[in-house]
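Visitor: Just dropping this structure here.
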Amino acid sequence: MNIVKITEDHLGSCMVIAKKQYLKECESVDALYEEQYEQELYQRLKQPCIKGNGIVCLDENQVCGYLLSDCDIEKNENNYILIPVWGYGAEYKNRNKVISFMFQSFANMVMVLRHVAYFNVKIYAHDLEIISYFTFCQFGIMCT
């Protein structure tokens, strides 16, 4: 696996992963909007991809995961990084490994760019595999 900074060229691959995750969450939450969600996801992913505010994980030159922030990771003067619920995604094979590798790489990257004291990672409520990973890594859980 290889980690590279996200670009607009990765947008299509990230959309495929984001759609799968969203539809998976729709299986558990009837209130989620299942029609025309693609345009909303596209709009949310587009700007961080264009601005390079994240990373992708490549396996044999194929995107197998992404992690991005809606904060400008190079110029944000706050001491935190927000990864929104649509800002992470990994294929369902070895998801924990991919997310772990990406988060470690992303955290290292933003720590080199500037001082970051807090990471706020939003996760789909029924993504138990990823919730378990971040809990195991001592992330606190805040419910809203």
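Bear in mind that the values in this text are calculations on the coordinates, not laboratory data. Computed from a predicted structure; not experimentally measured. Reconstructed Cβ throughout: ideal geometry from the backbone, glycine too, with neighbour counts over all protein chains shown.
Visitor: State the extension gain, in nm to one decimal, for the chain segment bounded by ASP9 and GLN39, taking 0.36 nm per residue of separation less the distance between their alpha-carbons.
Guide: Working: separation 30, 0.36 × 30 = 10.80 nm, distance 1.74 nm.
Here the answer is 9.1 nm.
Visitor: Something else about it: Mind ranking 126-136, 6-16 by how tightly packed they are, going by the mean number of other C-beta atoms within 10 angstrom, highest first? Please report the intermediate quantities before stating the final value.
Guide: On the way: 126-136: 14.6, 6-16: 16.7.
Descending mean neighbour count gives 6-16, 126-136.
Visitor: Normalised by the residues of the chain, what does the relative contact order come to in percent, with Cα pairs under 8 Å and at least six apart? Walk me through the numbers before you get to the answer.
Guide: Values: 202 pairs, mean separation 35.2, N = 144.
With pairs under 8 Å counted, the relative contact order is 24 percent.
Visitor: Mark the label point 7 Å from the Cα of LYS46 along Cα→Cβ and return the residues of the stretch 13-33 whose backbone N is within less than 14 Å of it.
Guide: 15, by backbone N distance to the label point.
Visitor: Related question: Per the helix-only calculation at 222 nm, which mean residue ellipticity applies to the chain, given -39500 (n - 2.57) for every DSSP H run of n ≥ 4 and division by its residues, nearest 500 deg cm²/dmol?
Guide: Values: 4 runs with 59 residues, N = 144.
That comes out to -13500 deg cm²/dmol.
Visitor: Considering only the other residues whose Cβ falls under 15 Å of the Cβ of LYS122, what net charge follows from Lys and Arg at +1 and Asp and Glu at -1? All intermediate terms of the calculation are to be shown ahead of the outcome.
Guide: Working: positive: ARG44; negative: GLU25, ASP70, ASP127.
The answer is -2.
Visitor: Among the lysines, which fall within straight-line cross-link reach of LYS19, defined as a Cα-Cα distance under 29 Å, with same-chain neighbours fewer than 8 residues apart omitted?
Guide: Result set, ordered by chain and number: LYS5, LYS46, LYS51, LYS93, LYS97, LYS122.
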